[in-house]
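Below you'll find the structure, written out as structure tokens, and then a few comments.
The values are calculated or read from the model by the stated rules, or taken from the named source; none is laboratory data. Nothing here was measured: the structure is a model prediction, and the numbers come from that model. So basically every Cβ, Gly included, is an ideal-geometry build from the backbone, and we count neighbours across all protein chains shown.
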Amino acid sequence: MRKYSVSQRPFLHVLRSLARLVTVASLAWLVLACGEADHPTKGRALEGKLVLTGSSTVAPLAAEIARRFEERHPQARIDVQTGGSSRGIADARSGVADIGMASRSLKEEESDLRAITIAQDGITLVVHADNPVAALDDRQVVAIYTGEIDDWAALGGEPGTITVVNKAAGRATLEVFLEHFALDAGSVEADVIIGDNQQGIKTVVGNPGAIAYLSIGAADYEARQGAPIKLLDAGSMAPTPENVASGRFPMTRPLNFVVREAATGELSTGTGGDDSLSDLARAFLDFASSSEVHDLIAAQFFVPAAPSEHHVPAGTVETSHPDGEPSNGDAPQS
Amino acid sequence: MATPPRAERGLHRLLGSLAVLAGSLVVGVVAFLLLESLDALRAVGVPRFLSDEGWSPAGGPEGRFNLVPMLTGTAALTLGALLLATPAAVGAALFCRFYAPPRLAHGLRSILEVLAGVPSVVYGFWGLVTLVPLIQRLRPPGQSLLAGCLILGLMVLPTIALVSESALRSLPRPWLDGGAALGLDRWAVVRGIALPAALPGIVTGVLLATVRALGETMAVLMVCGNVVQVPASLFDPIRSLTANIALEMAYAGEHHRSALFVSGLLLMLAVGALIVLVDRLEPVRQHHV
């Protein structure tokens, strides 16, 4: 009989225990994984999961659109995460996300991606509601952000330190702001650096001397909900969705859904073996570009994109529209 | 190790396997950090992490990767939090164990347990909405090293207090009675017998608190301002290593990403060094009858 003694063969004993544990764990994982077989999206019910990541400006709108889409297609699950436009672009490219969200237009080096514009938004400067300053011109904004002016008294306000709020690197709002004012990222002297729009709003609300630049949609929404913030005019233009829609507002940017464009020109989500966009993704993009979500866009104080700005891919799965437009008999009404 | 009886062999093997699994996870994480950091360590090189002009991975021809401001930020936050929390926590533990009537002690312990369970993002949210405006009235901008230290201190206080209180409660009764029998008053017993004897436990609590403070991300991200600079005063905004990783990891390119892993590796090494240090310092317990 083999003498059992841990002290005599500790290494082998441990190795064997580990091997057993690994085997059991692998079997368990296989059983569980097989239980979740992927359902290929058939013609009838659109099902599956979509992951959207990226801009914190687009995210609330995307979440609302996703919710309405899920009401139409109960088998679908759409997950919306923030992280900044750069994250959306990186994730769309690598396939970590099915669709990326970006609050700017694509750059030259991003030609492997395709952007579908669903709305237009502007960027506005925001101060506390108690701040008597009502408008700033470009020169003053540059002076504030480069640290030349650091007291509100120099601008006609109550004496007090100006708290400069800047967006973190990788955020499209930052890039659009810098481009408009011809500033270099390194020359901005910030007192607080924020991630998403909500952090910016909370910072301004808590600090009467703060100035920040945010999405008009986010700022307008919060101001109407009662947050004590004030949107500053840009030159003589008030930061309203109407002015953004007219195209005359200086700092505007498109709100885009970004997907990878495979070499063949077919859009792809980058996930899975075949390169074509999944039916669910196509349907969602189509839905987001349609007029059915214009009320959602307007409710967030964005401007729906004109139909000519959509780059809806060929071969879109058409969903049946409530106003009776013909469908391919695919997605059912629910 | 004695040979386990046959009846316990299965249990012995299972526990051993779990222990090995836990250990290999830790080793795996460190190995992964090392692998991912290699790119930056080679391409950027250690001297540049200390001497570049600021942190700006996209700026300049080769990017700027100075980690010193953020290292200082993390260190200052942790130190500040511990300085604030430790006296208060040990005091609370002493009060619970030696001075409070039983019901009050029980209530205080329950409160501390609840505080220990509050998610860090809730602390961060409260800090941003309540604490930062208060500090802002003292000196703008409000988001600052001070705010971070206060919030972190609040977060680690229950940990230190509960572990210290547990250490104090596990002291052998005869030691305390012996002190009383010698005519020592309560404070003398506490100061001369209880505290020195419970010191290893208290140090363990402080160590746990340090590790938590070093790794805290969300709360620090929300209240510290995230400006990359070496703080000149308590009211200056700072960025910690963890907040930096949270802000930038999602979209960072190759060298940038690898540099972030270097900062993660630094944190891991700091935690490891602390544990080794405390292990060395812990006095060997000598139980005299």
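When each of B:G153, B:G124 is tested for being out of contact with any Ser or Thr (no Cβ under 7 Å at 6 or more places or on another chain) and either within 12 Å of chain A (Cβ to nearest Cβ) or modelled with pLDDT under 95 (or both), the lone residue that passes is B:G124. Would you be able to say whether some residue in segment A:132-151 is in contact (Cβ under 8 Å) with a residue 12 or more places away in the chain, in contact with a Lys or Arg (Cβ under 8 Å, 6 or more places away or on another chain) and under 24 Å from B:R64 (Cβ atoms)? Checking segment A:132-151: not a single residue is in contact (Cβ under 8 Å) with a residue 12 or more places away in the chain, in contact with a Lys or Arg (Cβ under 8 Å, 6 or more places away or on another chain) and under 24 Å from B:R64 (Cβ atoms).
If you go through segment A:219-244 and keep only what is among the hydrophobic types (A, V, I, L, M, F, W, C) and closer than 20 Å to B:V132 by Cβ, you end up with A:A219, A:A227, A:I229. The residue that is modelled with the highest pLDDT, counting only those in segment A:241-278 that are closer than 23 Å to A:R224 by Cβ and not in a helix (DSSP H, G or I), is A:L255.
Per the listing B:L21, B:L71, the residue uniquely in a helix (DSSP H, G or I) and within 24 Å of the chain's Cα centre (by Cα) is B:L71. Residues in segment B:2-30 that are surrounded by fewer than 12 Cβ atoms within 10 Å (Cβ to Cβ) and at the interface with chain A (Cβ under 9 Å from one of its Cβ atoms): 2 in all. For segment B:46-61, the candidate set comprises residues that are within 14 Å of chain A (Cβ to nearest Cβ) and crowded, with 16+ Cβ neighbours inside 10 Å; within that set, the residue that is nearest to the chain's Cα centre (by Cα) is B:W55. Summed over segment B:175-204, residues that are surrounded by 13 or more Cβ atoms within 10 Å (Cβ to Cβ) and outside any helix (DSSP H, G or I) total 1. Scanning segment B:1-51 for residues that are hydrophobic (A, V, I, L, M, F, W, C) and closer than 18 Å to A:L15 by Cβ returns B:M1, B:L14, B:L15, B:L18, B:A19, B:V20, B:L21, B:A22, B:L25, B:V27. Examine segment B:31-45 for a residue that is over 28 Å from the mean Cα position of the chain (by Cα), surrounded by fewer than 17 Cβ atoms within 10 Å (Cβ to Cβ) and touching a residue at least 60 places away in the same chain (Cβ under 8 Å), and state whether such a residue exists. Yes, the conditions are met somewhere in segment B:31-45.
Looking only at residues of segment A:85-113 that are surrounded by fewer than 21 Cβ atoms within 10 Å (Cβ to Cβ) and basic (K, R), we find that the one that is farthest from A:L280 (Cα to Cα) is A:K107.
The sole residue among B:L134, B:L41, B:L77 that is away from chain A (no Cβ under 13 Å) and within 20 Å of A:D191 (Cα to Cα) is B:L77.
Going through (1) within 11 Å of another protein chain (Cβ to nearest Cβ); (2) in contact with a Phe, Trp or Tyr (Cβ under 6 Å, 6 or more places away or on another chain); (3) under 18 Å from A:P60 (Cα atoms) one by one, A:A90 falls short only on (3). Checked against (1) assigned to a loop (DSSP other than H, G, I, E, B); (2) more than 14 Å from chain B (Cβ to nearest Cβ), A:T117 passes all but condition (1).
Would you be able to say whether some residue in segment A:141-163 is surrounded by fewer than 22 Cβ atoms within 10 Å (Cβ to Cβ), of a type in the set (S, T, Y) and over 29 Å from the mean Cα position of the chain (by Cα)? Yes: segment A:141-163 contains one or more residues that are surrounded by fewer than 22 Cβ atoms within 10 Å (Cβ to Cβ), of a type in the set (S, T, Y) and over 29 Å from the mean Cα position of the chain (by Cα). Scan segment B:205-240 for residues that are away from chain A (no Cβ under 12 Å), within 30 Å of A:G100 (Cα to Cα) and crowded, with 24+ Cβ neighbours inside 10 Å and jot them down. Within segment B:205-240, B:E216, B:A219, B:V220, B:S240 qualify.
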